[in-house]
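Down below is the structure, laid out as structure tokens.
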Amino acid sequence: MASLGFLVTLEIAARHYGLPGPISNQARELIFPPKSGPLLYASMALMMVVLTWRQRLIAIGVAIGIDVAFLLVRWAVDARTTEGHPFGNGALWVVLGYAVIAFTRRVGRERLLLLKGVGLALLLVAGRKTGDAWLLITSKTRPAVLDQYVATADHALGDPSWLAGRIVRASGPIGAHVLDFVYIQLAVAAVVVTLYQLRHVAVERRFPRHHLVRTFLAIGLVGPAIYMIFPVVGPIFAYGPGAFGTGGGHWAVANLWPDTPPVNAPHPMAFDRLTPRNCMPSLHTAWATAIFIHSRKGPRILQFGGAFWLVATLGATLGFGYHYGADIIAGVVFTLTIEAALRTLERGWDRSGIRLVAYGSAVFAALLVSYRYLPTVMAAHPWIFGPLLILAMLSVIYGYVRTTNLWEPKAAPAQRPEPQPELV
């Protein structure tokens, strides 16, 4: 009910600005080409963890059949797909179809389990639509941005976005395309990790108490509130068209990224009412960090994939000029604090969990305050504040690893067999 109320509130807020909200956009994808076909099929895959293998094959076949029918109809009426993907409607129809089946053909625990699977799928999709609505609200309600403060603070870190932008430009189209794919398909990577975590649901007929989707949704719910407090558009928009031909146009301070780091005294700057203020913290970094954390208990290939997705996402966020280095540090601290809070909630609010969440929150707040009120001091003393920022992040990482390792159940030592008397 809380999630539904939140979606309705965002729908009303988006309608206030004359644009459809998350509910309207999702309903539209029942007929029109969806914004992300792979995401809809990944969401259907999450729902299928509660099904038998026979039911899964039927669901996939029905989804593909519906998509083929939609393609044929669009071809017949010459409806060209100019935005989004030409597939994915079938997956959404199947998910909604199983919601109907849950209410009409299931009872008791089986109904509840199937509804949880459907809800998990719809929450993942709704999370994407909710994010789009939040981005609209940030651009309409925050006319001034604080990019000059973050860019100045970034001098203490060696201007990593400017450096990464030049590296990506030098890597050519292949490197840029790989990073772009990783950046766009982040939710699909999350589904792969979640499918591993939920692989026993169909047999055990229950969900684990904590998994990656919970962290993903919590990050997407809390993160945009920070956007409203600390609006930042990113270096490629605030400092010119950059290496890839996109940027802030005449709203930009100057065409500086990624060749020349700015050196002006920071102050709030007016910006357009279209570009999302979605940089502080970097939620792409936050989500990639969550994928990395949850992949650690998987097989080696999943661990490698989680590490690759984190490194490539960091390369994309910095190399495409979407984020500053300060955003990355804040995103990592933000994720570890959210993850610690969810795990503490799961196991009970004991002293170690409360201490970890409080420390992560304090470090995150200190980062935002320093970016806003001490950027010139940080830039003037990079050899002091650069290591301090890194150490602050590492301290939260250390605290998280140390505390959660204590929470892990200890394996009982194997008992040695008692010596038995022998017959002589």
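The values are calculated or read from the model by the stated rules, or taken from the named source; none is laboratory data. The structure presented is a predicted model; accordingly, all values stated were derived computationally and were not measured. Positions of Cβ are backbone-derived with ideal geometry, glycine not excepted, and every protein chain shown enters the neighbour counts. These accessible areas exclude ligands, DNA and RNA; they are computed on the full protein's heavy atoms, side chains included. Shrake-Rupley method; radii C 1.70, N 1.55, O 1.52, S 1.80 Å.
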**Report entry** Positions within the range 60-100 being surrounded by fewer than 15 Cβ atoms within 10 Å (Cβ to Cβ) and small (Gly, Ala, Ser), in sequence order
**Finding:** Gly61, Gly65, Ala69, Ala76, Ala79, Gly84
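Please pick out the residue among Ala126, Ala144, Ala151 that is in contact with a helix residue (DSSP H, G or I) (Cβ under 9 Å, 6 or more places away or on another chain) and modelled with pLDDT of 85 or more.
On the way: Ala126 fails: modelled with pLDDT of 85 or more; Ala144 fails: in contact with a helix residue (DSSP H, G or I) (Cβ under 9 Å, 6 or more places away or on another chain).
It is Ala151.
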Report summary line: Across the range 340-390, the tally of residues that are over 15 Å from Ala330 (Cα atoms), among the β-branched types (Val, Ile, Thr) and under 28 Å from the mean Cα position of the chain (by Cα) stands at 2
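At pLDDT below 85 and either open to solvent by 20 Å² or more (accessible area, probe 1.4 Å) or not in a loop (DSSP other than H, G, I, E, B) (or both), is that true of Leu135?
Values: at pLDDT below 85: yes; either open to solvent by 20 Å² or more (accessible area, probe 1.4 Å) or not in a loop (DSSP other than H, G, I, E, B) (or both): yes.
For Leu135, the condition - at pLDDT below 85 and either open to solvent by 20 Å² or more (accessible area, probe 1.4 Å) or not in a loop (DSSP other than H, G, I, E, B) (or both) - is met.
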Query - Any chance His250 is closer than 30 Å to Thr141 by Cβ, more than 20 Å from the chain's Cα centre (by Cα), open to solvent by 10 Å² or more (accessible area, probe 1.4 Å) and at pLDDT below 90 - result: yes
Report summary line: Over the range 338-379, the set of residues closer than 16 Å to Val401 by Cα and of a type in the set (Asp, Glu) is Glu339
Report summary line: Val192 fails exactly one of (1) farther than 18 Å from Met269 by Cα; (2) over 17 Å from the mean Cα position of the chain (by Cα); (3) open to solvent by 10 Å² or more (accessible area, probe 1.4 Å), namely (2)
Query raised in the report: Consider Asp272 against the criteria (1) touching a residue at least 12 places away in the same chain (Cβ under 8 Å); (2) surrounded by fewer than 18 Cβ atoms within 10 Å (Cβ to Cβ); (3) in contact with a Lys or Arg (Cβ under 8 Å, 6 or more places away or on another chain): it satisfies all of them except one. Which criterion is unmet?
Result: (3)
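Looking at the range 151-181, which of its residues are at positive phi and in contact (Cβ under 8 Å) with a residue 40 or more places away in the chain?
Going residue by residue through the range 151-181, those that are at positive phi are 158-159, 172.
Matches in the range 151-181: Gly158, Asp159.
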Query raised in the report: If the Cβ limit is 8 Å and pairs must be 6+ apart or interchain, which residue in the range 44-56 that is in contact (Cβ under 8 Å) with a residue 24 or more places away in the chain and closer than 16 Å to Thr194 by Cα pairs with which residue that is open to solvent by less than 10 Å² (accessible area, probe 1.4 Å) and hydroxyl-bearing (Ser, Thr, Tyr)?
Result: Leu46/Thr194
Query raised in the report: If the Cβ limit is 6 Å and pairs must be 6+ apart or interchain, which residue in the range 131-150 that is at negative phi pairs with which residue that is assigned to a helix (DSSP H, G or I) and open to solvent by 40 Å² or more (accessible area, probe 1.4 Å)?
Result: Tyr149/Arg372
Query raised in the report: If you go through the range 152-172, how many residues are crowded, with 20+ Cβ neighbours inside 10 Å, within 17 Å of Leu314 (Cα to Cα) and of a type in the set (A, V, I, L, M)?
Result: 3
**Report entry** Filter result (touching an Asp or Glu at 6+ places or on another chain (Cβ under 9 Å) and either assigned to a loop (DSSP other than H, G, I, E, B) or at pLDDT below 90 (or both)) within the range 277-306
**Finding:** Cys279, Met280, Pro281, Ser282
**Report entry** Index of the failed condition, His323 passing every other in (1) part of a loop (DSSP other than H, G, I, E, B); (2) open to solvent by 60 Å² or more (accessible area, probe 1.4 Å)
**Finding:** (2)
Query - Qualifying positions in the range 101-122 - assigned to a helix (DSSP H, G or I), out of contact with any Phe, Trp or Tyr (no Cβ under 9 Å at 6 or more places or on another chain) and open to solvent by 30 Å² or more (accessible area, probe 1.4 Å) - result: Ile101, Phe103, Thr104, Arg105, Gly108, Arg109, Glu110, Leu112, Leu122
Query raised in the report: What do you reckon, is Gln55 at pLDDT 90 or above, open to solvent by less than 60 Å² (accessible area, probe 1.4 Å) and assigned to a helix (DSSP H, G or I)?
Result: yes
Query - Qualifying position, being of a type outside the set (Ser, Thr, Tyr), free of Cβ contacts under 8 Å to residues at least 12 places away in the same chain and not in a loop (DSSP other than H, G, I, E, B), among Ala379, Ala341, Ala366, Ala358 - result: Ala358
Query - Residues of the range 200-220 satisfying the condition of being under 21 Å from Gly348 (Cβ atoms), open to solvent by 10 Å² or more (accessible area, probe 1.4 Å), touching a residue at least 12 places away in the same chain (Cβ under 8 Å) and not basic (Lys, Arg) - result: Phe207, His210, His211, Ala218
Report task. Check off (1) part of a helix (DSSP H, G or I); (2) open to solvent by 20 Å² or more (accessible area, probe 1.4 Å) for Gly223 and give me the number that stays unchecked. Result -> (2)
